[in-house]
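Working notes for the structure below.
Derivation of every value follows stated rules applied to the coordinates shown; laboratory data play no part. Bear in mind that the values here come from a model prediction, so they are computed numbers and not experimental data. When we count neighbours, we look across all protein chains shown, and the Cβ atoms used for this are built from the backbone with ideal geometry, even at glycine.
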Amino acid sequence: MKRSRLSTQVRLGGEECYLGPTPERDAMLSALYLIEAVTETGQDLSALYRALQEREGFSSVYLRRDLHLADQNQQTQLFQQLQADPPSEILGQKVIKHFDKDGYKFTLADGSWVMIRGSGTEPLLRLYSEAKTLEAVNHLLDWAAGLVNTAASHPR
């Protein structure tokens, strides 16, 4: 089967999402903002990101981990548990903010966060985290992955 020229030339893609004040597909809008920033400054994204970190006085590490589930029931049990009894502390850090739309996001006192959300199309959880170090991010992702086993062993 011959591939079309277009299918081999795509360098950027995005997922549709209608969140926030702009009634646009946010991944494409974000990409356009990035292109504008690169074009106007003449800097690559790495340089722009470092400048943002320096200007705002922060540095962080962000990772996503996919956790494949045996069945969708694992996700249901976990989300029921988080809804009924969200953690007030994670790995010794107080949870200062809890967001439960399209998943569960917990912001901690040190500014780090962890988010757990279902794929919606596959039996897997997407685990996201941001913290000051790679070690801290991995600890938060490990904590989130461990919740699945806890929920499975304590069904509601």
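Listed values, structure above:
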quantity	calculated
Inter-site label distance for LYS132 and VAL61 at 7 Å from Cα along Cβ, in nm	1.3
Rounded to the nearest 20 debye, dipole of segment 75-119 from Cβ charges on Lys, Arg, Asp, Glu	120
Dipole moment magnitude, nearest 20 debye, segment 61-153 about Cα centre, only Lys, Arg, Asp, Glu C-beta charged	220
Cα gyration tensor category, rounded, prolate or oblate, for segment 61-153 with a/c compared to 1.5	prolate
Selection from GLN53, PRO87, PHE99 lying farthest towards where the dipole of segment 39-99 points positive, charges on Cβ	PRO87
Contact order normalised by residue count of segment 61-153, Cα under 8 Å, 6+ apart, percent	35
